[in-house]
Amino acid sequence: MSSPGLSSPHDPQAEPDAVPATTVDGTEPQGSFVTLALLVLGVFSYLTMEMMVAPIVPFVQQELGISASQSAWMLTGLLVVGAVCLPLATRYADIADKKKVFLVVLGLAGIGAVVAAVATTAPLLIAGQMLQGVGVAVVPIAIGIMRDSQPLDRARTANTIFVISGGLGAAVAYVAVGPIVTHLHYSYIYWFPTIVIAAVVVIGLRALPACPPIAGGKVDWTGAVILGAALVALLLGLTFPTTSGWGSPLVLGLLALTVLLLAVFVMVERRHDSPLVDLHGLAEREIRGVMSINFAHAIATFVMYVILPTLALLPIAIGYGMGGDASTAGLILLPYALLVVVAGPTAQRLEPILGRRGNMILGAVFIMAAGLVLLPIGSAPWTPYLCSALMGLGLGIGFTQSLNTIVRVVPAERVASASGAVYVVRSVGGVLGGQIAAAIISAGLTAQGAPSWGAILATILLIVALGVVSVGLSYLLAGRRSATTAQATLSPAQA
């Protein structure tokens, strides 16, 4: 039996979309633009801060005298904590007051930023970064607040704005991190966003609407511990191959432990009255499609993060390099960030025309094109910038459509946790993509220590292949005619 509000797994397009959340008097919530502004500020400040971390790693290594393996935990630690806390925080938000959970999570991220800013040792800095990982839950919880407190159309528009916030945050990070580090100190990348975070928390205590749970439930602590352990084992298993190799006993043991823990988790969740993860809901056709597509997109994103800066730094004489410096490596990703901003509203406007499936296919086609345009890089050194722009369009359209699909088909009381599941999938896919790209490049080094054209070509073809796979997975989503028919079946009170 399928979950309430979701379509049948046997006929995924026969049921109407999930109905809007309602207030206590049965009417659709009217919402407030102040709510949207505070949520966007919180999301933007957090995402901007996190996007600035990777570029400052070399400066942190130099000032604190730490190794590359130690500094890598600035990102890995944040990712691991975020993946573990996401399901727990989003599930708790669904059964408690989302406002309180949002402010607590954002506040903890701000405290972590302060710890990192004042840190004078590597362990303290990494601890601050790990505490910031809790903040990864701010976006799915913000989506849940919008779903509960705003009319459905505005909630879907907010999804677009959240995607735009991520793109703008990345753009600001790529442009601002250089001047901040050069003229101030790397600690200011934490201080500036923390000021905004503190203001959002203080104002939000009074201005954000209370979002009491729509349905009852309790936190599945047993499931949370098992899933957390599985995600830690998986992410560590995907991280250690860089130093230990994929065939090492440590890596194989961690991956085997992951499989065992996930099997136990599924058994526990199936028997729990209020599971941490709605396995029945995730098994629905459209939700399966969203999760699978985001996994593929995350791999493609992190392959791009590896390959484009690599091409920027390779010498022109090698035949496929740009001969740039660290600034070039950062600016080459700027078109990606800016086009994500454009992609959000584009997806919103195209959905009534193309349908959910058509939008996803369009995003996947842009990803394929992003890989293909890199093929003539030897004679056209500007192609990495075009690749960056096309990836921004493809990934932005795909992610916006993913969030809109969740808001449409998932019951309101599960929106935060379903959105959180997407972020967990993206985290795992991102780590895997980065490791695959690094392994391909490391295995194809020339005698001079530069990546060979064969290795570069393999990563390019991987991006293209992921785009092709995403096209196929898009057929799990409703087409335009099916979505229109489902919308027409809504009663006047639901529409």
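Laboratory data are not the source of any read-out in this text; all were calculated from the coordinates shown. This one's a predicted model, so the numbers in the text were calculated from it and none came from an experiment. Neighbour counts run over all protein chains shown; Cβ positions are idealised from the backbone, glycine included.
Protection proxy ranking for 134-140, 207-213, 228-234, using the average of other Cβ atoms within 10 Å per residue and placing the highest first: 134-140, 228-234, 207-213. The Kirkwood hydrodynamic radius of the stretch 58-129, based on inverse pair distances between different Cα atoms, is 13.4 Å.
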